[in-house]
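These notes are about the structure you will find just below.
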Amino acid sequence: MRIDIITVLPELLESPFSHSIMKRAAEKGLLEVVVHNLRDYSVQKQKQVDDYQFGGGAGMVMMIEPIDRCINNLKTQRTYDEVIYMSPDGELLTQKLANRLSLYQNLIILCGHYKGIDERIREHLITREISIGDYVLSGGELAAAVVVDAVGRLIPGVLNNEMSALEDSFQDNLIAPPVYTRPAEYNGWHVPEVLLSGHTANIEKWRYEQALERTQQRRPNLLK
Ligand code: SAH
């Protein structure tokens, strides 16, 4: 999968994909993230990408032209499955959506800044809008990094069997069961006996019951 991210702050996206699972996905050739500096597509001398909003009011608005030029340039090189705009009023990112996006080949993610982007970009160039939650960030970069991480680890082949995404929370509408590691006892805090029993069927059963109980307690809406 290839993901092109369009931003005015490329520096913010230097690190998130250079470590751990995202790094491995890149090394395996399964995920390529390319970050584009929107200012490179500005036709103005000052590399301006934003302007005052019509009708007045505080805050700058990102202009159409640099974004249009950048997206068009990318589209001449390959076909994109979606052109995504990160937006607090977009569709909420869920594991289900991440699963769906992980099956695509090419994605563009546009990060907004300031007051947001000229509405006409959303009407004519954007095919999907995604929010990472009901709060407002200063820019779309961290939100885009969240989407790429959530989607990237689901690309077939990125995770190995032992860390299969199928056992993660939300994957089957259940919260993941609790996990423990050595030592088996610390300060009198004990690991549940069943996990030390070596009895695979009992362990599976316990984990399923825990997942169910946790989901009932913490996210009962998932069980509906
Ligand atoms: N004025 C806008 C917010 C602009 S915040 C409003 O009230 O809706 C600046 C940029 O940050 C947005 O263009 C968007 O790209 C990004 N952003 C902010 N909050 C976000 C969220 N919860 N999810 C995804 N992107 C977000």
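Each value in this text was obtained by applying a stated rule to the coordinates, not by laboratory testing. Being a predicted model, the structure only gives us computed values, none of them experimental. Note: ideal-geometry Cβ built from the backbone for every residue, glycine included; neighbour counts use all protein chains shown.
Key figures
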item: Tally, over the stretch 144-168, of residues that are in a helix (DSSP H, G or I) and exposed (fewer than 11 other Cβ atoms within 10 Å of the Cβ); result: 3
item: Residues located in the stretch 169-223, provided they are among the hydroxyl-bearing types (S, T, Y) and part of a loop (DSSP other than H, G, I, E, B); result: S169, Y180, T181, S197
item: Residue that is farthest from the ligand (Cβ to nearest atom) [pool: residues in the stretch 84-143 that are surrounded by fewer than 16 Cβ atoms within 10 Å (Cβ to Cβ) and among the aromatic types (F, W, Y)]; result: Y104
item: Residue match in the stretch 8-28 (condition: within 15 Å of the ligand (Cβ to nearest atom) and under 16 Å from I121 (Cβ atoms)); result: yes
item: Residue ID - farthest from L212 (Cα to Cα), chosen from residues in the stretch 144-168 that are in contact (Cβ under 8 Å) with a residue 60 or more places away in the chain and within 9 Å of the ligand (Cβ to nearest atom); result: A144
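Here is a yes/no grid of residues against (1) touching a Ser or Thr at 6+ places or on another chain (Cβ under 8 Å); (2) surrounded by fewer than 18 Cβ atoms within 10 Å (Cβ to Cβ):
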position: R2; (1), (2): no, yes
position: F17; (1), (2): no, no
position: K23; (1), (2): no, yes
position: K28; (1), (2): no, yes
position: N37; (1), (2): yes, yes
